[in-house]
1. Lys/Arg Cβ at +1, Asp/Glu Cβ at -1, dipole of the chain taken about the Cα centre: which of PRO262, SER137, HIS187 is farthest positive-ward?
2. Report, ordered by chain and residue number, the lysines lying within cross-link reach of LYS124, taken as a straight Cα distance under 16 Å and ignoring same-chain residues fewer than 8 apart.
3. Dipole size in debye (nearest 20) for the range 247-306 around its Cα centre, Lys and Arg Cβ +1, Asp and Glu Cβ -1?
4. Using the Cα centre of the chain as the reference point, and only Cβ charges (+1 on K/R, -1 on D/E), how large is the resulting charge dipole? Debye, rounded to the nearest 20.
5. Give me the Å³ per residue figure for the convex hull around the C-alpha atoms of the range 4-317.
6. List the lysines whose alpha-carbon lies under 17 Å from that of LYS254, not counting same-chain residues fewer than 8 positions away?
7. May I ask what percent, to the nearest 5, of DSSP beta bridges between residues of the chain are antiparallel?
8. Counting only the backbone N, which residues of the range 61-80 are under 19 Å from the spot 7 Å out from the Cα of ASP106 toward its beta-carbon?
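Here, each number is a calculation from the coordinates, and none is a lab measurement. None of these values were measured; they are calculated from a predicted model. Neighbour counts run over all protein chains shown; Cβ positions are idealised from the backbone, glycine included.
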Amino acid sequence: MPAYSDLHVHLRGTISEAMVAKLGDLHGIPTPERDAAQPDSRLTSFERFLDEYRTRTSCIRTAQDLADVGRAFFELSAADGLSYMEVQLSPQHSEHLGLDFNLELDLLSREIDRIQESHGMIVKVIATAVRHLGPRSAFETAVAVAKAKHPLVVGFGLTGNEMMYRPKEFADAFAVARDVGLGLTAHVGEWTGPDQIIEAISSLNLSRLGHGLSAAKHEEALSCLVSHQVTVEVCIASNLALGRVESAESHPVKDFVSKGVPCALCTDDPAFFFTSVPKEIALARQAGLSETEVDRCLAAGILAAFCDDSTRSALLAVTA
Ligand SMILES: [Zn+2]
C-alpha cells in the first residue's frame, strides 16, 4: 500500500477537545459546549459549521498556540501512519488576529522538524487566500507570500465562501504564486456548479482542486479534470457532515476514479468532522472503491504533492 498523505487539511480545523480546553484555560476563555448527547452528529449546515469553527478556534490567540495545535496534530497523524501532509493556513486570518504569518511559520517549523526527526513525517504549508475577502486582498496576499519565500510554504490556495466572486477574478493572485514556483489548488465545486470547476482549471492553472463535487455527472467538467490531470482532494467525511452528499455510497469518488480523475483522500477539518486518513480510506471503500483503486488514490496523494522531486521519490518508496 502506498504511503499515507493528507493534501487538504486546515491546521486550525485540527484542534482537539483537549487543546480547546488547554488554550481556553490559558487565555481565560470558557470552553464551548459540544452537543454532549451526540458529539459526532452531523453539523447539518455550513452556517452551523462556521459557527462552531469560529467558536472552537477562537482560543488560538498566539503564534505559539498555533504551533501547539500543530504539534498535537502532527503526533496524532504520525501515529495514524502518515508520511506526508500539507496544512493550509491563511495569512489574511493571521493579519486579522494581529499575528505575524512568518513568525507563525517559524514556530511551526520547530514542531515540523521535531516530528520529522522522531517519526520521519514531512509537513509543508499551503498559504491560502480567503475568497470572500476579494481578489485585491488575495493578490496582496500572494505578493507577500511570494516575497517572503518561507521554506515551509510549497503551495498557494483559495478557501472561503465559494458563492462570492468568480474563480477567474483570482487569476492575478495565482499567477504571482505560480511565478515563484508554488503549487496551486483551490476549493471549487463544493458549493458551486461545474462551470466554476472548468473556469478555475483554465484561469488559475490549478494542478489540484478541493472537493470538486459538482463535476459528478457533468461530462465537460469531468473531461476537463481528466485532460488536465487535475487531482481532486476528496474529503468524504466533510462532504457527509455538511450534507453535500447523502451517504458514502453516493459519493462521486468512485465515478471520478473510474473515469480517470486522479483523487487524493484528505481530511479537511478532521477535528470537526471526526475523521482521519485511515477513516477516509474506510469511507472510500464504503463509497465502492476497490483495494486497487484505494491504492491508486494513495499514490495520487504522493504524485500530486507540492514537494520537491527527491522528497516525492523517497515517499513513493515508502509503504504504509
Ligand atoms: Zn477545505
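1. So the residue we want is SER137.
2. Filter leaves LYS149.
3. Numbers: 5 positive and 8 negative charges, 19 e Å.
So the dipole magnitude of the range 247-306 works out to roughly 100 debye.
4. Values: 28 positive and 43 negative charges, 58 e Å.
About 280 debye.
5. Details: hull volume 38.1 nm³, N = 314.
So the per-residue hull volume is 121 Å³.
6. LYS217, LYS279
7. Working: 1 of 29 bridges.
Rounded to the nearest five, the antiparallel share is 5 percent.
8. In the range 61-80, the label zone of ASP106 (backbone N under 19 Å from the point 7 Å along Cα→Cβ) covers 61-71.
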